[in-house]
Structure formats: C-alpha cells, structure tokens
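Below is one structure, written out as structure tokens; the observations come after it.
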Amino acid sequence: MNAIGLFGAFATLFAAGYGLLVLLIHRSARLSLAEQIAFSWLFGTGAVSLLLWAFGFFADGLLLQGLVSFVCISLGMVGWNLKKPSQIRSKARWFEVVLTPVIAIEIAIVFYLSFVHTLGWDGLLNWEIKARYAFANGGVLPAAYFSDTGRAFSHPEYPLAIPFTELWLYLWLGEPNQFCAKTIFPAFYVAGTFLVAAFTARLSRRTWLGLLMAALLFFVPQITVEVGCASAGYADFPLSVFYLAAAGCLFCASERGNDVFFRLYAACLALLPWVKRDGLILWIVAAACGVFVILWRRKSPLSLVAFLPGIVIICAWRLYLNAMHALQAVDFLPFNLKTFRTHIDRATPLLSALLAEFCNLPTWSLFWFIVAVAFLYALPRMRDPGVVALLLALIAPIVLYLSLYLFSSWPNYLDHVGLSISRLLMQVTPVGFLLIALAISRRPERRPQRVQMPNRATCAIARSERTAVVELA
Amino acid sequence: MSKNLISMFDSMPMSKPIVIFIRRGDAFSSGLGMTTAYLASPHAVRLCEIDGTHPDNELYRINPDKVAAVVLCRLNRPSWLPAGKVFGPGLEIVSIGEKG
C-alpha cells in the first residue's frame, strides 16, 4: 500500500513538474533526459507545495488532494502533448561509461544513508513537524500553530516547499510516514547530481567533465555525511539545488538570444524564497545577477518580468504570516545602521571563522581550495557576462551570510556561526562546482553560434537541438 | 517510545495545555522538551526554561486544574509531586487530569 501511495505522490510531482517544464521551454529547446528529470522534480515540488498552500485556503482533506492531483495530471498531459519526440545520442567514451555507474552507486549510497538515519534536528523539528501538523489538520496548517509560543522553536515563519512536499507524500500514503518522507531528500540529490553534470557539460562542451563533476559532488563530506547533509532532511541541500538551477540557467541565458534558459532561470529563481528563509538572500543575489545579464546583453525590458513570480511569492508569504500573527524569529537583532555600527567589531572574528571553515578538511575536504584556484582561473574571463554572473552567484551569498552574523542576537555569536555556517556554505557549493568546471574547461572566449559537433552540449545550441548531455538514465 | 508518548498525550484532556520544563544551558534537556512538544500535538504546550535542576518554585505556581500534564526534561521531580511515567533517561511525564 505504501509503495502505491509513494508511486502516486512521485508520479504526480513529476507530472506537474514536467508539464511546467515543457510549457516553459515550449518547443524551442531540447533538454537532455537528465535535465528533464531534474527540472521536473524541482518544478514539481515547487508547484505541488504552492498549490497545496493556495488551495488550502478553501479546501481540505480529500478535496484538497483531489484538486492538486487534478492540476498535476492536467499539467502532465499538457507536457506530454507538447513534448519533443526525438533525441540525439552521442557515442559514449570509455571514461563516461565508467563514470555513469559510479554516479549511480553514489546515488544509491545517498538513498541508503537516508534510510538508515533518522531525520536530523531541523529535518524533524523545523520541517517535518509542519507536514505532520498539516496532515493531522486535513492538509492545512492549523492557524493556531503560527502563534503557538510553545512551538516557536519550530520556526512557524519558515516557508513550506519542503514540508508541503512531505505533506503531499503523507496525503497519498494516508499516514504521516517519516521513513517514506525521507525519500524526497535523496531525490534532491539526484536532481543536484544531474544538474551539475548537465550544466558542466553545457558550459565546457565535455560530457565526461560533467560526469566527473557530478561524481565528485559525493566526495564533499558536508553534502553526504555531515550535519545537515543531503540525506538529513534539512532544506539547505534542496535550496542549493534550486540555486544551482537558477545560476546554471542564467549562465546559459547569458548567451545571446537564449531565452529558453532565461525562462527556466526565472522559474527556479521564483522558488528560492519558497524553499527556505535564507532563499530570500539567494533570490536577491540571483536576481541581481539576472539584472546584470539583462543589462549586459541588452535584453528586452520585458525580461524584468522574470522577477515578478518571486516577488509575488515573497509578498504573499509575508502577508500570510502577518495575517496569521506568526511569531517572528529571535535569532537576529533589528537590521539597521545602529546595530551595524555597534557590532562591526565582529567583522574580524567572523572572517577568521569563515577562513577556518574553508580550511575544515573533515567537512569540506579540498573543495574550497579547488574553488579558490578555479576563482583565479576565472578572473581573466571577466569579459564574459556568464562568468561574472557565476562568480557573483558564488561569492555574494557568502559575503551576505557572513554579514548577517553581525546582527546575530545569540549571546555568543560565534556559536551561531559554528552551528550554521557549514550549511549556509553548502547552499552555494554546487555553484562552486560549475566554477571549477569552468576553470578546467578554460577557453579564451565562448563562440555561441559556432557549433562544430552537433551532438555536443552547449548552452548556445540548446535553443534548437536536443543535447546529448549525460543521458544518465 | 514515541507511540507510547502520543497515546499518553491522547489520554489527556485536549482543552488543557501541557507544561514542559527544560533546563537552561542543557541542550539535551531542550531537545527532549522540543521533541515532547512536537509529539504532544494537538495539545497546546508551554515550554518553561528554568535555572538549576529543581523546578519546585515554578511547579508551585501552576494551577493543577488548568494543566493536563507536567513534563520534566532532565529535571528532578519534587517529592510532593506524584510520580509520573518515566520514558528513558531524563523524561518524566506527570499526568494531572485524565480524560473523561
């Protein structure tokens, strides 16, 4: 019974995501199967959680589940009718043949780790708690929960993408089953792996490099085994995958005339603040990068509409919290100049803590050292707007996150740093992999329209050709 | 254990809150308290953080008619309070008024 419920939940999630993906690309681009799976998952979780929340204003129980299922299946059918039938396959090199099963084994290990470990602290008491309470209340979070001081520890003000994806599984299973709920987190790892492979292959035009980067993702301990890792039920890794999708699509959209990826970028951007509160910062950074690309490439002013869905989600959630009289987090002091001036003396210890974190080998292995080298390699390519956007997307969130600790209200702000900085850095880690790939595939200039190998992946040819990127499945 | 906790909370009157005492500066105690609050749903809960290990003064101030249960997380139960049900090391739930 659980298997059928789980299948129904995942099928509807993918159907909704696939439908949205096809509507966004609308016959004007061909994506690899790996990209289709990854984007379908991201858009599916975003859409279903938003629909559950929106329809929850006037429906609950079976009606709520039925309405959301109807929309999911309708989207899936629309997507199926509009899909592009053919695909071009490239002949795999021996290195690619070796790497593909390696990635498959890594994914299997992440699934295994997820099943043998219980949900982590935040996974249970920040996220799953909302899914469970909503399930017990017919699929709608009880209004009293938002102002319940006894449960303020569970951050009622956090957005609902993750808990409502878990809720969707619960509704299909007919019970709040934490073991099954854990399956969504390795699924995000799969999406992250596929996107790292796909974007790397696109920006380097080398499929083997994409597969190599995807395989190396597993060897960052923070992602696989540390507190808050991909399998622990925290929102940080899913957020990092959404951010990777937004940054990668923007890099591809920085090619002239590549509007398909700009639309995908807009969709991923909109979902960032819906995954986690920190997503607002990533949204600001990714939106700033988007504005930069729009101005540099002199895109139509209409491109600014891309920011509208995200703004709507941010405002709607804020209004909802106000209407519910939701308790506000007390982790930070008021964000004003006075607080900034009185706490500026924290800057040096904070920088030291950040450097110490970069050098924390048990948590990060050699990742940040390699990123530092890749950064130096990327500097001479600053004339490329995509490279500038990618660098900004990596560095700006780190700077902003570190600045946030200036406003920490914890008695010992360094405890606050120690508890959360590794997870915050993880949110930009997949983007760091793109930078590394960029350095490895160093080319003096990108030539968008020069397509010598039609079965090799680039962002430029994505407008008109199905790429052969990592057909992992 | 969580099933036993949930069934115990289910046996308590829904109209009354559950008061959970946790010890300031003791992460384990806080964790137990928050997990108990999570499992106590849909009961209203009040988390009370106290200094030291003896919540005697705070317990004196509680009106037993208005509370469904008292939960002690790694805290010592005063001798005048009836013994509750102990779950593992450090978690004791003293039911004040049974349902029905």
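For the reader, a short list of remarks on this structure follows.
- Here is the list for the range A:127-232: chymotrypsin sites (Phe, Trp or Tyr not before Pro) lying in DSSP coil, each with at most 15 other C-beta atoms within 10 angstrom of its C-beta, are A:F219.
- Each label point was placed 7 Å from the Cα along the Cα-to-Cβ direction; for A:L63 and A:F179 their separation is 3.5 nm.
- For the residue pairs A:K299/A:K338; A:K182/B:K3; A:K130/B:K66; A:K276/A:K338; B:K3/B:K66, alpha carbon separations beyond 31 Å are given by A:K299/A:K338.
- Computed on the range B:2-95, with alpha-carbon pairs under 8 angstrom and 6+ residues apart, the relative contact order is 32 percent.
- Counts of other chain beta carbons within 10 angstrom of each beta carbon in peptide B:34-45 average 5.
- Zone residues, the range A:185-202, relative to A:I440, backbone N less than 11 Å from point 7 Å out along Cα-to-Cβ: A:197, A:200-201
- Among beta bridges that DSSP assigns inside the range B:1-91, antiparallel share in %, nearest 5: 15
- Annotation for the range B:35-100: chymotrypsin sites (Phe, Trp or Tyr not before Pro) lying in DSSP loop with at most 15 further Cβ atoms inside 10 Å of their Cβ are B:W80.
- Span per principal axis, largest first, for the Cα atoms of chain A (Å): 63, 56, 47
- Potential extension, A:W94-A:F292 segment - 0.36 nm per residue separation minus Cα distance: 67.3 nm
- For B:Y60 and B:M1, a Förster radius of 30 Å and the Cβ-Cβ distance give a FRET efficiency of 0.50, rounded to the nearest 0.05.
- Note on A:V102 and B:V86: their simple-model spin labels are 5.4 nm apart, each label 7 Å out from Cα toward Cβ.
- Between A:A3 and A:F115, residue separation times 0.36 nm minus the direct Cα-Cα distance comes to 38.8 nm.
- Inter-chain Cβ neighbour count for A:148-154, averaged per residue, equals 6 (cutoff 10 Å, partner chain atoms only).
- Divide the volume of the convex hull around the Cα atoms of the range B:2-95 by the residue count and you get 85 Å³ per residue.
- Within the straight-line cut-off of under 20 Å between alpha carbons, the aspartates and glutamates reachable from A:K91 are A:E35, A:E465, A:E471, sequence neighbours fewer than 8 places apart in one chain being disregarded.
Where a number appears in this text, it was derived from the coordinates with a stated rule and is not lab data. Because the structure is predicted, anything quoted here is derived from the model rather than measured. For neighbour counting, all protein chains shown are included, and Cβ atoms are generated from backbone atoms with ideal geometry for every residue, glycine included.
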